[in-house]
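Heads up, the thing below is written out as structure tokens.
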Amino acid sequence: MKLEILQVTWKFIRRKGYGRTPETYCSYIIENSNHKHRLKTLESTKLFKLLEKHHVSAREEYLVKIVVDCMYHNDELVYITNPRIL
């Protein structure tokens with residue numbers, strides 16, 4: 001098992017309703033120099049609340065960086081934990 005820190009570089013929030021979306025969720029991309037993943041999180045999570053409040057970008061000019069700890073086993077993502085702002 002290996003732990004790595006990845007930064008959220010892109011997000012898109014889709015709200016509940018309009019027939020196609022049964023619940024509110026956020027699609028996001030996390031990446032570092034070794035890995036890049038596209039994932040989803042639901043409305044009630046801590047990560048969703050952080051992503052909803054803050055603008056995220058891969059560019060350095062933004063002061064807020066949201067990062068997560070990712071656990072890997074044999075180079076496969078097992079889970080993410082500990083979303084926080086740097």
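The values are calculated or read from the model by the stated rules, or taken from the named source; none is laboratory data. Everything numeric here is computed off the predicted structure, so don't read it as measured data. Methodologically, a virtual Cβ is constructed for each residue, glycine included, from the backbone with ideal geometry; neighbour enumeration extends over all protein chains shown.
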Inset, instruction - Filter the range 44-82 down to residues that are among the acidic types (Asp, Glu), assigned to a loop (DSSP other than H, G, I, E, B) and surrounded by 14 or more Cβ atoms within 10 Å (Cβ to Cβ), then give me how many there are. - result: 0
Inset, instruction - Look through the range 12-37, keep the residues that are at pLDDT below 95 and basic (Lys, Arg), and return whichever of them is farthest from the chain's Cα centre (by Cα). - result: Arg20
